[in-house]
Amino acid sequence: MKNRAVARPHGPGARLQRRIEQLARRVRTGHRASGQKTAGIAEDSDHAEQQLRVLLPRGLARLATQSGIGAAIRHQEEVVRSLGHEVVTNPLRRFDIVHLNTPFPDTPLFAAWARLRRRPVLVWAHSTEDDFRDSFPGSNTLAPTFRRWIAFLYRRGDAVVTPSEYSRDLVSAPKYGITAPIHVLSNGVDTTFFQPDPGARARLRTSLGLEPGAKVVLSVGMQLVRKGILDWVEVARALPEVTFVWYGRTDERLLTADVRRALGSAPPNALFPGYITPVQLREAYCGADAFCFLTKEETEGIVLWEALACGTPALVRAIPLYRDRMPDGVLTHQVAGDGPGFAADAAARLSALLDGELEDLTSAGRRAAEGVDLSQVAQQLQEIYRATGVLAPAPQAD
């Protein structure tokens, strides 16, 4: 955040408000650059655009605050406000459109309530049958049932929003039965918050109690087989001279037996600090030598965009999403496979990255992250509102 010469309110609420104001300025700038009027903000009395009341109900979504879905909801709140619209969290208040994000039992109730009020429903397809697998005890057995459930939820929408072309292809399959329009909209990243900071290197090592020259590799996410934690621990075991740090955790009651064993037998150079604040996470990205993200399945992966925005060299598993969207050697370095030899291959590739033997892709990664900045996401969301009919079509240029 930029320092101000004048006194400003402090605390989480004030910081969020400053971020929203900053994002709104970026959205306005983007519209002016393209010759368009700013959505939701009157530049003169003849061109004022409708301000929407957008319902993002809290409900059981509170259970997802520490997940990727929770981050996506927070991003939606920011971009909605930056467009000049109002965020409504109480479904009993007036609203013009509803965003539904979670696969929880209250989601169809909110959809039914919106239909009763004759308000359009946008359903975000964050989850798929594929990324439910290898998550929690019994998830592989329950995956087909989970798919039928989320398909039912997605069909409640007047439109479906999903974060990547890859995930759109998945939920477009006949087994999901979706007939409504499916829009692709990145969950986005705040590139004014997540940005390179060379000074973070020393601060990160001090906070971890390491020598100034220590090599640090990090990953972020829930401790799930799907997130690649089993291979990640083995890569750490193969590189004892490197400190590996995994930020994030999973309730112990939800850990699978193999994840419990991996955590219990992890080498001493593998650290698990748990959840940290966004500022601490930014410090970690900026101060690390590499981001090692060995996830087996994603619909987007906000944490990768955060790492790229911070200029962190990234090594990822070559899953279809990343292999197709960002081929090896373009934005990230990648390791293919998922067998007994994968950890050894990943360790060798990571070692080469840390030793400077692989091409520096950080500038390209930063530019790509700027392409999914929240200001860009805001403008695309406004177009989805128009396509849904809740906003009038944009006025034609003279």
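The values are calculated or read from the model by the stated rules, or taken from the named source; none is laboratory data. Just so it is clear, the model here is predicted, and its values are computed rather than measured. Every residue, glycine as well, gets a Cβ built from its backbone with ideal geometry; the counts of neighbours run over all protein chains shown.
If I filter the range 269-279 down to residues being in contact (Cβ under 8 Å) with a residue 12 or more places away in the chain and not in a strand (DSSP E or B), which single residue comes out as surrounded by the fewest Cβ atoms within 10 Å (Cβ to Cβ)?
Keep residues of the range 269-279 that are in contact (Cβ under 8 Å) with a residue 12 or more places away in the chain, which gives 269-276, 278.
Restricting the remaining residues to those that are not in a strand (DSSP E or B) gives 269, 275-276, 278.
Values: N269: 17, Y275: 11, I276: 16, P278: 14.
Out of the qualifying residues, it is Y275.
Kindly indicate which of R366, R323 is modelled with pLDDT of 95 or more and at negative phi. Break it down stepwise before answering.
Working: R323 fails: modelled with pLDDT of 95 or more.
Exactly one residue qualifies, and that residue is R366.
Only one of these conditions is not met by V259: (1) among the aliphatic types (A, V, I, L, M); (2) more than 17 Å from Q66 (Cα to Cα); (3) touching a Pro at 6+ places or on another chain (Cβ under 9 Å). Which number is it?
(3)
For the range 320-367, which residues satisfy the criterion of being in contact with a Lys or Arg (Cβ under 8 Å, 6 or more places away or on another chain) and charged (D, E, K, R)?
Selection gives D338 alone.
Would you kindly identify the strands (runs of 3 or more DSSP E) lying entirely within the range 280-398 that contain at least 3 residues that are assigned by TED's automatic domain parsing to the domain that holds A214, within 30 Å of G84 (Cβ to Cβ) and over 24 Å from the mean Cα position of the chain (by Cα)?
Result: empty, no element qualifies.
From the list L254, L263, which residue is among the aliphatic types (A, V, I, L, M), buried (at least 18 other Cβ atoms within 10 Å of the Cβ) and touching a residue at least 12 places away in the same chain (Cβ under 8 Å)? I'd like the intermediate steps shown before the answer.
On the way: L254 fails: buried (at least 18 other Cβ atoms within 10 Å of the Cβ).
The unique qualifying residue is L263.
Matching residues to (1) in contact (Cβ under 8 Å) with a residue 60 or more places away in the chain; (2) surrounded by fewer than 23 Cβ atoms within 10 Å (Cβ to Cβ); (3) under 19 Å from H75 (Cβ atoms):
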{"position": "L304", "(1), (2), (3)": "no, no, yes"}
{"position": "P313", "(1), (2), (3)": "no, no, no"}
{"position": "R323", "(1), (2), (3)": "no, yes, no"}
{"position": "M326", "(1), (2), (3)": "no, yes, no"}
{"position": "G329", "(1), (2), (3)": "no, yes, no"}
{"position": "T332", "(1), (2), (3)": "no, no, no"}
{"position": "A336", "(1), (2), (3)": "no, yes, no"}
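Give just the number: which of (1) surrounded by 13 or more Cβ atoms within 10 Å (Cβ to Cβ); (2) modelled with pLDDT under 95; (3) hydrophobic (A, V, I, L, M, F, W, C) does A348 not satisfy?
Condition not satisfied by A348: (2).
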